[in-house]
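First up is the structure itself, then whatever we jot down about it.
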């Protein structure tokens, strides 16, 4: 999808008074950074803005301006009406909670995303699976909005939020999703005042003691299958209890097995409730993990996807490994 939707979305936002901005459960840097970047701009436009997230903002992202304005209580949204519902980085509308899924308190739904599994649920769908992150699309919208504000550059708070989003979803520009356009966007954000060192220090080098202990627990479960082509780790609710870590501290755990030489597919099994597990997958390309996860109602990208599976842990491990083994063959 081309950038011609950015002016249309900017026009809709400019003509709206009340806007609800939301994103997916367990929001990451792309989700939060994109949300806050738009919020900062729309506030300059004197719009009535409400930001909602199904879960709290991760601690590592609380250096971004406006994070404390995000509400997580769906009850605060009841009986409210909005001109626009702006959904960011959400491949499935249901991933933004009960209120968003089951009510229609808005006139127009704008869907901005980069997941290949997105089913284009919006009235306006600015979805590009070739983009490294949702922030690349939000950047285009922001560029249009500042024209109306007669600003010569992106305000610092928004530029920092967008660079954070971009850095977090590309692993600091390390992932294969990084394109020449990604680098151009990053360069422009830096020229607008965003600081690479400041962003990197906060999202990559700001780990709590509790998270480090959680990493130690989880790495003790590291298991190899298929002659080392498959590797996985397991995180239980007991691990969180024993370490005092937060659920958000599980972010990045998948990077440990995926970084091992010879591993083609890595996955993290994360217990979220009794007999219910959330799985995150990473692939070097031989296995389409988006297709794999779609069988379980999940999705994402060809090389990075996730899903939730009910059942017993041992049965889930056995079933997933057997399926991946067949695909590798």
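Values quoted throughout were computed directly from the atomic coordinates according to the rules given, and no laboratory measurement underlies them. Everything quoted here is computed from the prediction, not taken from an experiment. So basically every Cβ, Gly included, is an ideal-geometry build from the backbone, and we count neighbours across all protein chains shown.
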Equivalent ellipsoid, the range 141-205 (semi-axes from 5 times Cα gyration tensor eigenvalues, Å) | 22, 14, 9
Which value at 222 nm does the chain reach when only helices count, each DSSP H run of 4 or more adding -39,500 (n - 2.57), with the total divided by all residues and rounded to the nearest 500 deg cm²/dmol?
-> -11500 deg cm²/dmol
Give the angle, between 0 and 90 degrees and rounded to the nearest 10, that separates the Cα long axis of helix 134-148 from the longest principal axis of the Cα atoms of the chain.
-> 10 degrees
Can you give the convex hull volume of the alpha carbon atoms of the chain per residue, in Å³?
-> 130 Å³
Mean projected area in nm² (Cα convex hull; one quarter of hull surface) for the range 53-177 | 8.6 nm²
Contour minus end-to-end for residue 72 and residue 130, with contour as 0.36 nm per residue of separation and end-to-end as the Cα-Cα distance?
-> 17.8 nm
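Using only the Cα atoms of the range 151-276, what semi-axes does the equivalent ellipsoid have when each is the square root of 5 times a gyration tensor eigenvalue? Give whole Å, largest first.
Listed largest to smallest, the semi-axes of the range 151-276 are 33, 19, 11 Å.
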Against the longest principal axis of the chain, how steep is helix 209-219, in degrees 0 to 90 to the nearest 10, with axes from Cα atoms?
-> 40 degrees
Could you give the nm distance between label points at residue 314 and residue 246, where each point is 7 Å from its Cα heading toward the beta carbon?
-> 3.6 nm
What distance in nm separates the simple spin-label points at residue 255 and residue 81, each placed 7 Å from Cα in the Cβ direction?
-> 4.6 nm
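Summarise the long-distance tail of P(r) for the range 219-315 by giving the % of C-alpha pairs beyond 22 Å.
Details: 1185 of 4656 pairs.
Result for the distance tail: 25 percent.
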What length, rounded to one decimal in nm, is gained on full extension from residue 322 through to residue 208, with 0.36 nm per residue of separation minus their alpha-carbon distance?
-> 37.5 nm
For the chain, the longest principal axis of the Cα atoms and the Cα long axis of helix 5-14 enclose an angle in degrees, to the nearest 10, of 60 degrees
